[in-house]
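See below for the structure under consideration.
Taken together, the values in this text are just the output of simple stated rules run on the coordinates, not laboratory data. Just so we're clear, the structure is a prediction, and the values are computed from it rather than from any experiment. Don't worry about glycine lacking a Cβ; one is built from the backbone with ideal geometry, like all the others, and counts go over all protein chains shown.
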Amino acid sequence: MSGGGGGGGLLFQSQYRLQFQPIIKDDGIAIGSNNQSCPRYAFSSKRLIATHAFSGAAGGQYSAGAGELIDTSSSKTRKQQKIAGIDQDELLDPKLLADPDSCFCEFQGVEIHHKLYDPHSHSQDNSSLTHTQDQTVNIPSLNLGLPMILLHGFGASVFSWNKVMSRLAHLTGSKVLAFDRPAFGLTSRLDSLGTNVTDAKPLNPYSMAFSVLATLYFIDFLAAEKAILVGHSAGSLVAVDAYFEAPERVAALILVAPAILAPRGIPKVSEGNRSERSNQTKGDSSDSNNLGKPLFRLLEILFKFTKYVTEAIMRMIKGMAGVIDSLYKRALSSVLRSAFGVMLVRMIIDKFGVAAVRTAWYDSKQVTEHIVDGYTKPLRARGWDRALVEFTAAMLLNEQSENKPPLAKRLHEISCPVLIVTGDTDRIVPAWNAEKLSRAIPHSKLEVIKNCGHLPHEEKVEEFVRVVEKFLQRALGGSEEPSLISVA
């Protein structure tokens, strides 16, 4: 199948697409391997069937020929070049970099890489899974009946959850799924500039809105009514936004080192209401006492008129500032999307990428080559640099709906159970921000792990699982049963 696409000069051919086919089956799951799609997903009401086809997506050209993704626009510059130690002249289709337990499914034209751990179907076959090892420990299973979705942070991927994925699955007694957001991991790279500008606002795959909808999609994918969302760093933003998009689908939020700016002050609703009632009473009293006094009434009218004019001028100035800010952001976005922007991103990743991983740990000496390889592996995927540029531009242009207040002003509206976990020595997102955030979210629980950096779920696995267990037991209950599991 062939078709045209604009933008990045890409030639792409893929053999796999996943599509829904209604059927009522058992609850088994089969996990695909390497560059193969998952051959079978059987849930209570539907299953996914792998077919040898591929639907078109923006920003690429598709051919039924030899079929590799070739970035013709930058192949020359990549010759004999390394980024963070990764050769850039032998970049591959992300599917060719997949692990034995990797799976891919299509959502909105994007092939999303994900991993799924089911404590029931994989308890006897852990040898092939990259996120488990041959150690065993007794961890109680809460049998919550709620799946868990793990959302990684900026620059990370499914790899970040390898050490806790199986543990969390056995702890909850339910499926745990982690997926790579577009621009990260092994999820397919698309050129969002390839979409037709005349389209009715096509969904940018690198936008926050796409990540939110993908999260809700995976709740359906797991055939669940609700799920527990676990977000790390920037992934916490996705988790919270998904909650506000569909609060009835989120059973609980676990925010790990959340990259959410805490509000400066926590609103005190009761005091505000008392103040409003007091002002209203004073106003009524003033009106009654000054009734029939023409001079006072005239001054009052002039004061109100001046107030309205001032507010109108301030709204106009604010609107002009908003326009200027928007123009500035769009200009900066254009620079980012240029060849200079791509070169800048490649330079930053090369100089600071691995250093950032080491900085994220409390003890950088514990960052092994295996960890570095896990974080730099996506740099072997074709189009990683352009995708990262598109992601950055999308975040820059991310505009809140005029009907919705900023996130910081909505945190007090969260009503589901919330756990906030942070390391006491987080150099990326300071622990004090997590503390302020916990005060802004009603009834949230804060856990600070000692001698820990930005990655509690990687650096302090035992402590992390323990605080999650305590939180889930308190917030959601469940019947506790011992479970012998394989852990990292």
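Annotations
- Using 0.36 nm per residue and subtracting the Cα-Cα separation, the extra length available between E435 and F352 on full extension is 27.1 nm.
- Separation of the L407 and V461 label points, Cα + 7 Å toward Cβ, nm: 2.9 nm
- Cross-link pairs exceeding 19 Å in C-alpha to C-alpha distance, out of K115/K163; K115/K445; K450/K470; K115/K351, comprise K115/K445; K115/K351.
- Here each label is just a point 7 Å from Cα along the line to Cβ, and for D220 and L397 those points are 2.6 nm apart.
- With a cut-off of 15 Å between beta carbons, the residues surrounding L150 carry a summed charge of +1, where Lys and Arg count +1 and Asp and Glu -1.
- Positive minus negative residues near A234 (Lys, Arg vs Asp, Glu; Cβ under 15 Å): -2
- Summing +1 for each Lys or Arg and -1 for each Asp or Glu among the other residues whose beta-carbon sits under 13 angstrom from that of S102 gives -2.
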